[in-house]
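Structure, as structure tokens:
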Amino acid sequence: MSILRRGVCLALTVILTACGWDPLADDELVVVTRNAATTWYEDRDGVPAGPEHDLVMAFAAWAGVEVRWEVRDSVAEVLEALKDRDSAIAAAGLSVTEARRRIYSFGPVYGETEPTVVCRRGGRRPTSIADLEGLSLALTSASAHVEILARRAPDLAYEVVPEATELLLQ
């Protein structure tokens with residue numbers, strides 16, 4: 001097991017224990033996720049895969065527990081499942097924000113993503129937040145980008161929609 005995986009396993013143990021999960025009493029770890037290439041997905045053979053899937057499975061093997069995956073359609077649904085205690089942890093590519101830190105405990109950051117604006121072909125290609133002015137923007141309701149834009153560009157107009165990110169791209 002790599003040093004990264006060992007570190008994640010140790011951190012998950014500390015966090016889950018602090019949140020009330022007892023690996024000696026619970027032989028099952030309930031994990032909420034969403035179907036996305038960066039987190040959890042079924043490969044072409046229908047077998048679960050993905051970076052967060054692999055980390056959780058390594059942790060479960062190390063802790064000697066089974067994993068029950070609860071797949072949700074959006075970040076909002078993942079966060080709701082956590083808040084309602086329907087799962088012990090989320091493995092869903094969640095961004096750490098100040099608002100989320102007030103509600104949830106986060107494990108160690110093992111990777112970072114860069115916010116990306118996806119535009120229609122042939123349209124204007126923004127390179128800064130200022131370039132977004134005048135464009136028709138849509139953000140998913142539970143997206144960390146809503147919090148980021150509210151802080152960095154409070155006057156920027158955008159629509160908040162409930163759909164999952166993948167649905168916006170269709």
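The values are calculated or read from the model by the stated rules, or taken from the named source; none is laboratory data. Note that the structure is predicted; figures quoted are calculated from it, not measured. Methodologically, a virtual Cβ is constructed for each residue, glycine included, from the backbone with ideal geometry; neighbour enumeration extends over all protein chains shown. Remember, those area values only see protein heavy atoms, side chains included, never the ligands or the DNA or RNA. Shrake-Rupley method; radii C 1.70, N 1.55, O 1.52, S 1.80 Å.
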Quick check: net charge around residue 144, other residues with Cβ under 15 Å of its Cβ, Lys/Arg +1 and Asp/Glu -1? +2
Using modelled amide H (1.01 Å from N, peptide plane; none on Pro or chain starts), what sits under 5 Å from the amide H of residue 29, excluding residues fewer than 5 places away? 66, 67, 68
Kirkwood hydrodynamic radius for the stretch 34-170: how many Å is it when counted over pairs of different Cα atoms? 16.9 Å
Burial order of peptide ranges 52-59, 141-148 (average beta-carbon count within 10 Å, highest first): 52-59, 141-148
Please compute the length gained on full extension between residue 98 and residue 148, using 0.36 nm multiplied by the number of residues separating them and subtracting their Cα-Cα distance. 17.0 nm
Residues residue 37 and residue 109, FRET efficiency given R0 of 22 Å [Cβ-Cβ distance, rounded to 0.05]: 0.70
Excluding residue 48 itself, what net charge comes from residues whose Cβ is under 15 Å from its Cβ, given Lys and Arg +1 and Asp and Glu -1? -3
May I ask you to give the percent of accessible area on the stretch 88-137 that is carbon plus sulfur, with a probe radius of 1.4 Å? 46 percent
Quick note, the stretch 25-98: a/c under 1.5 would make it rounded; otherwise a/b > b/c is prolate and the rest oblate (a ≥ b ≥ c, C-alpha gyration tensor); here it is oblate
For residue 98, what is the net charge nearby, where nearby means another residue's Cβ is under 14 Å from its Cβ and Lys, Arg count +1, Asp, Glu -1? +4
